[in-house]
Structure formats: C-alpha cells, structure tokens
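What follows is a set of notes on a single structure, which appears directly below.
The values are calculated or read from the model by the stated rules, or taken from the named source; none is laboratory data. Computed from a predicted structure; not experimentally measured. Using ideal geometry, Cβ is built from the backbone for each residue, glycine included, and neighbour counts are taken over all protein chains shown.
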Amino acid sequence: VTEVIVVGSQAEAGELVARSILRLIGKKPDAVLGLATGSTPLPVYHALAGLLAANPVDVSRVRGFALDEYVGLAPENPQSYRSIITREVVEPLGLNPALIQVPNGAEATAEHAGEEYERAIVAAGGIDVQLLGIGTDGHIGFNEPGSSFESLTRVKTLTRQTREDNARFFPSPADVPVHCVTQGLGTIRRARRLLLLAFGEGKARAVAGAVEGPVTASNPASAIQLHPKAAVILDEAAASQLANLDYYRFVWDNKPPWQQL
Ligand code: F6R
C-alpha cells in the first residue's frame, strides 16, 4: 500500500517525517537511514536538527547510506553528494561520520562501486527507512526511466532532463556530471520502509504516475507501488494531479492512533 499524505507546507512535511525518524531511533539506536540529497529532503534534516536541539537523543550509533553520488566529482567538491551529506545531515545532526556511507564516485573504480556498496548495505543489516525525492521524469535515486525494478547499485547515465534540473547547483549546465552511482530500484525496494517526499507543481505529474499510474519502468518511482510500506508526503501543488485525493485525505483524517507514520 502506498499511503498518501498531503500537508500544508514543506516545514510540516519535514516535521512529520523527522518525528517518524526519531521514533525509529528511539526504538533502534543504531537505525540505518537511507539518505536522499537534492532540495526535497532539506526540510526533514532541518526539522530533525531542531527536534534534536530541543530534546537531545543519542544519535551516535545511527548509520546511514546515501542514495547516490556523481561520478567524477572529488569528494571535497561542494556539489559532491559526500559533501552535501556532510554539510546538510552529518554535521547539523551530530551523526558519527564514520557510520555514514556514500557511494564511491571515483571514476577509476566506478565499475565496482555498486557491488561494494551493496555489500556494505547487506553487512549493516539493510536500510530501515529510505528517504526519497522524485525527479520530474519520475526517477528515484538516479534510476532514470527504463531502469530495471530489480537493479542494484550501479553506474547510470543521467538524462538530459535531470542534468538540466540539477544545473542550478553547478557553475554551468556543462559542469553537471553525466554519470552517477545510484542505489538501484531493487536496492530501494529492499529498504524496510520508504518515505517519498515531493513539493511543487513541477513534480505533480511524476507523483500521479508513481502513485496511481501503471507500474512501469517508464516511471521508476512507480516501483513504490510494489513496496508493502511506502508513504508519499506531498504539498498541495505536488498532489494536484492525483485522482483519488479525497480518499487519501479521508484515510489520513481517520488514521487509527496506533498507526503512526
Ligand atoms: C537525490 C536523488 C534524486 C532527487 C531528485 C529530486 O539523492 O536521488 O532522486 O531526490 O532528483 O531532486 P530535488 O529534491 O532537488 O527536486
């Protein structure tokens, strides 16, 4: 089942997801988090930092795996996902950097980066909760349209659309790397829980396809329909093309108290 939750603001989404993650850490202090980068998860990381500052919880044993990394950016490049995870997640939350892994985007060893990452995820006992954003083309991680639903971490080629979408973070569009190492749809599907967030009109079509469209590699995010515990947290704009919106609101308004996000 995909649970669809529509909230009033990005901050509200961040708060909701952050509280869910903190409940997990309370139950399992060495929880394994799947960490997304990009703009979408930032409200979650901000809310987590705020909640932790107000009410300290021991996060020293929390483990994490980033979803993806660009190939060919040095780890210290400010746009590498290693840098971004350090800046936006590890430092503000006070996580132990040694326990937070990011795929190795070094060009010379990219061919083997996927297997290595999969071994590390398995050794950690798998991912407890995977945070996801969604691309305007329906990608999750950097699994572009056509990705196999069984795929594991590997090198992928970004679509032109994704490179254009991400050009805002780089000095010029030509600086956006062509390749990445990304968890596969199979890797993502193995996570025990999926929390996909999306904000803004630009995501509405991809979201509607992912939640209500056919399960198809043409919209990789539709893989969430195959997951037993997936939730999608949206603002009004990102939810605007969903056909069954009234029903999702009704479900949320009538959620049994024992069934928290
Ligand atoms: C990021 C990732 C991507 C993004 C997606 C949306 O680690 O894997 O799937 O979640 O491209 O990006 P934003 O959030 O910047 O709109």
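Regarding segment 226-248, can at least one residue be identified that is closer than 20 Å to T40 by Cβ, assigned to a loop (DSSP other than H, G, I, E, B) and of a type in the set (G, A, S)? Yes, the conditions are met somewhere in segment 226-248. Applying the condition of being within 14 Å of E69 (Cα to Cα) and within 9 Å of the ligand (Cβ to nearest atom) to segment 133-161 and asking which residue is surrounded by the fewest Cβ atoms within 10 Å (Cβ to Cβ) yields F142. List the pairs whose first member sits in segment 145-168 and is part of a loop (DSSP other than H, G, I, E, B), whose second member is crowded, with 16+ Cβ neighbours inside 10 Å and among the aromatic types (F, W, Y), and whose Cβ atoms are under 8 Å apart, counting only residues at least 6 apart or on separate chains? From segment 145-168, the pairs are T153/Y117; L158/F142.
Keeping to segment 52-76, report how many residues are within 16 Å of the ligand (Cβ to nearest atom), crowded, with 16+ Cβ neighbours inside 10 Å and assigned to a loop (DSSP other than H, G, I, E, B).
Restricting attention to segment 52-76, the residues satisfying the condition of being within 16 Å of the ligand (Cβ to nearest atom) are 64-71, 73, 75.
Now restrict to residues that are crowded, with 16+ Cβ neighbours inside 10 Å: 64-71, 73.
Checking the rest, the ones that are also assigned to a loop (DSSP other than H, G, I, E, B) come to 67, 71, 73.
Qualifying residue count, segment 52-76: 3.
Look at (1) within 21 Å of Q260 (Cα to Cα); (2) surrounded by fewer than 18 Cβ atoms within 10 Å (Cβ to Cβ); (3) modelled with pLDDT of 95 or more and you find that G14 fails only one, number (2).
Look at G135 and say whether it is under 22 Å from V62 (Cα atoms), part of a loop (DSSP other than H, G, I, E, B) and touching a residue at least 12 places away in the same chain (Cβ under 8 Å).
Working: under 22 Å from V62 (Cα atoms): no; part of a loop (DSSP other than H, G, I, E, B): yes; touching a residue at least 12 places away in the same chain (Cβ under 8 Å): yes.
Here the answer is no, as G135 does not meet what is asked.
Screening F199 with (1) more than 12 Å from the ligand (Cβ to nearest atom); (2) aromatic (F, W, Y); (3) closer than 20 Å to T2 by Cβ gives one miss only, at (1).
The single condition among (1) surrounded by fewer than 14 Cβ atoms within 10 Å (Cβ to Cβ); (2) over 25 Å from P43 (Cα atoms); (3) over 19 Å from the mean Cα position of the chain (by Cα); (4) touching a residue at least 12 places away in the same chain (Cβ under 8 Å) that A110 does not meet is (1).
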